Amino acid sequence: MKKEITVLFILMVGLTSCLRLDSQLFNSEELSEYKFDSYTGNRELGTLPSIYAVADSMRNLVTFTSNSSEGAAKLYGVYLGNINHIATDTVILYCHGNAKHMDNYWNRAKLLAHVGGKHRFGVLMFDYRGYGMSEGKSSEKNIYADAEAALKWLQSNGLTSSRLIVYGYSLGSAPSTEIASSTYSLQPIKLLLEAPFASSEVMVQDAGKLALPGSYFTSAKINNADKIKQVKIPFMWMHGTADSFLSIQTHGEVLYKNYSGTKGEAYRIAGAEHGDLPMVFGYNNYINAINDFITK
């Protein structure tokens, strides 16, 4: 009887933990409108220096439809640059982290819009299902479909694979690594990951320190560390040594070690936490490192 109660308790803990960790993995927040520079909530990197401003005329709110086996959803994105120039520009597809919505990551998109000089590269950032004004509910399957929808939008505006760069931050490392390791509408020529996670399994083990499989705690089966083995394009990895959310030792280092492509660059930023790497690195250093990787 005691054994049966113990097993039941473990199953109940597993179920409730699965629901809890899935909600943390996709920690979205709905919006009725995007504020961008006028957003008053707390956001990553606080307030950027004015030199990184982006003119309203170069900030384009766009929509596209994401289709998956779980249904269709209308997504929102923001394109920094001139949409009419996508057919000739090189574009960075930015897949953001797990928190809130695009307003939370607006400063990061603005920094990317200044890589190599203001608007040298176009930047497309989008909200996954359930984030911001995007419809639906996020899941592992759906964030891949959402990234594919963003690629199709770029393709419909004239972008070709030879001019696509993919950048994934935190949760965004999952769709970014998926795109770079599989066959999608467009195939990137270079991949950048900032503070990526090795797998949902490692994330669970780090969080709980329990000798139980990750499937007890989350329905996601993301394994970036395995998928990166299939990535052969040049790869740039950045991670803070003080990251307390996704440890550089158990996540970033493992993933980078598994990469065996044509060119790998690693930046271990001393003292950087999970959300402040560009600031601790130094905005100019961060921008210049990305530019050097893309252009060399």
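Key figures
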| quantity | calculated |
| --- | --- |
| Degrees between helix 283-295 axis and first principal axis of the chain (Cα, 0 to 90, nearest 10) | 80 degrees |
| Summed side-chain charge close to residue 104 - residues other than residue 104 whose Cβ falls under 12 Å, Lys, Arg +1, Asp, Glu -1 | 0 |
| Highest-first arrangement of 287-293, 32-38, where packing means the average Cβ count within 10 Å | 287-293, 32-38 |
| Cut-off under 5 Å, modelled amide H: who pairs with residue 129 long-range | none |
| Order of 257, 227 under a 10 Å beta carbon neighbour criterion, fewest first | 257, 227 |
| Cα-based helix-to-principal-axis angle, 2-25 vs the chain, degrees rounded to 10 | 10 degrees |
| Nearby aspartates and glutamates by direct alpha-carbon distance to residue 227 (threshold 18 angstrom, same-chain neighbours under 8 apart not counted) | 140, 148, 178, 194, 201, 253, 265 |
| Whole-Hz ³J(HN,Hα) from phi, Karplus 6.51 cos²θ - 1.76 cosθ + 1.60, for the range 69-77, glycine and proline x | 5, 8, x, 9, 8, 7, 10, 10, x |
| Antiparallel %, DSSP beta bridges [both residues in the chain], to 5 | 35 percent |
| Under Karplus coefficients 6.51, -1.76 and 1.60, residue-wise ³J(HN,Hα) of the range 246-252 in Hz, glycine/proline x | 10, 4, 5, 6, 8, 10, x |
| Summed side-chain charge close to residue 149 - residues other than residue 149 whose Cβ falls under 14 Å, Lys, Arg +1, Asp, Glu -1 | -2 |
| Net charge dipole size for the chain [Lys, Arg +1 and Asp, Glu -1 on Cβ; Debye, nearest 20] | 520 debye |
| Dipole-positive endmost among 116, 181, 71 within the chain (Cβ charges, Cα centre) | 181 |
| Burial order of peptide ranges 258-271, 99-112 (average beta-carbon count within 10 Å, highest first) | 99-112, 258-271 |
| Reachable lysines from residue 296, criterion Cα separation under 16 angstrom, eight or more residues apart if same chain | 190, 263 |
| Environment charge of residue 240, counting only residues whose C-beta is closer than 15 Å and scoring Lys/Arg +1, Asp/Glu -1 | -4 |
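Just so you know, all these numbers are worked out from the coordinates, no wet-lab data involved. Please read all numbers here as calculations on a predicted model, not as lab measurements. All Cβ positions, glycine included, derive from the backbone under ideal geometry; neighbour counts span all protein chains shown.
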